[in-house]
Structure formats: structure tokens, C-alpha cells
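Just so you know, all these numbers are worked out from the coordinates, no wet-lab data involved. Predicted, not measured: the structure shown is a model, and the values here were computed from it. Note that each Cβ is placed from the backbone with ideal geometry, even for glycine, and that neighbours are counted across all protein chains shown.
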Amino acid sequence: MKVRGRRECQDCGCRWSYYETGSVACPDCESLRSVGVDDHTLHTDSPATLDLTPYRTAAAEDRLADTVDDCKRDLRAYVRRRGFVDGGRLRPLDETVVAAAELLQVIDAFDRLRSPTDADHAYVLALLRDADQGERPGPSAVTDDLAPARGLGDANAADDYRRDLLAWLDEHPDPEARRTLGTLRERIKRVEALEGDVPPSDAESLVAAAREVGMSLREDDETALAAARDRLR
């Protein structure tokens, strides 16, 4: 969406940045009567934090099954609030978003397994331990039962970034980048049709390609765009 990032409260005169608060409510008096004092700027990100501590604790106490719904709620809220254009500036697809998108799918799939293995349990614990720090296990660590969930998580993260890249391209045209994003969407749709059941390295390539397109736009790097095209082939 396009917003005027600098706001001025009509009740108390306070000025603040929408980009920092994600709200049109005045941070001083909470009034909703404010006006923009700059030009409209593309902005898709909102302040958001992800804290998986309660679910790590639940897992350590063998109560994870009781908290799955709450964990999914927090993950959805985080992913929904995160965007990749901040006050007109294109940002990279960071690993915390990718890990959160994966964990959302994985913890749901794990909860539905009739006989999860020790390896399945260890993988979920590894994601819970590090996802909010922007880390996750590599593709080779994914178990067979949870690989489709990882595939869907990667596809969703890549698609969210793709949509923001397209919005940014509306104001910064680049036909080659747009065509590459079209190819990326085709690959994402294939993974979605297969319900994520592709090799984890293939799913991760979608994230890598999306990041390469983003890098090409942020840094005017034709090499990165060529790398994305080659990867998607």
C-alpha cells in the first residue's frame, strides 16, 4: 500500500513515523485524528517480533501438542505483518520470515503425524530453537514426513516476496526482472500443486531465486538476475 509515512496528530501536534509504529494512532495521546505530512510512499512492512520462547518451553516440558494452535497463530500474525518495502526502500527476504513460514507448515504437519519419529521430533525442535533468530536446518536435515511442509513454507515465503517485488516494480520498471518473477510464479505453482512434495533443495531454490531477483533490483546487479534465471531453468 501507499502511505504518508510522516504523520501529525491533529489533537496534540505530535509527529511520528508510520514506518516505525505501523499505526495511524498518535503514540502520545492515541488519537486517530492525524494527517500525512509527506508524499505517498509504497510501504508493505509493519513492526513485528517473533518470540518462540513459550513453545520451546512447552516442548521441553513435553507439552508442545497443547500449544500448537497458539504457535500457529503467532506465526501467522508475524508472517502477515512482515513486508519487504519499507518507506519505498526494497528490503531483502530475511531468513526469519522464511523460517517462520516453514515452521508454520511444519508444526501443523508434525501435529497431524500418527507416529512421528525421533528424527521428526528433533527437526521440529531445531526449528523452534532457532527460527526466531533467523536460522533453520539445511535441506539435508529434513525428514521424509516433514519435507512437503518445508516445501510449502519455502514456496509461501518466496511468493510473498515476489508479490512485494512486483509492487515495487510498478514504480521502478524492469521488464527482465518482471519476466523472471513470472517464471518464479510458475515454479511456485508447481510446488503448490504437489502440496510441497518436492526435494527440499528444489524448494529452497525458489527462495534463493527470489532473493537474487531482489538483489538485482536493490543493487542494480545484472549478475544476480542472470543467476536467478539460470536457477529457475
Relative contact order [Cα under 8 Å, 6+ residues apart], the stretch 188-233, whole percent: 31
Quick one: dipole size for the chain, taken about the Cα centre, charges +1 on Lys/Arg Cβ and -1 on Asp/Glu Cβ, in debye to the nearest 20. 620
Is it possible to state the helix-based mean residue ellipticity at 222 nm for the chain, with each DSSP H run of 4+ residues giving -39500 (n - 2.57), the sum divided by total residues, to the nearest 500 deg cm²/dmol? What is it? -19000 deg cm²/dmol
Please sort through the DSSP H helices of the chain and keep those with an alpha-carbon extent of at least 24 Å along the long axis and a Kyte-Doolittle average not below 0.0. 95-112
Counting Lys and Arg as +1 and Asp and Glu as -1, each charge on the Cβ, what is the dipole of the stretch 110-233 about the Cα centre in debye, to the nearest 20? 320
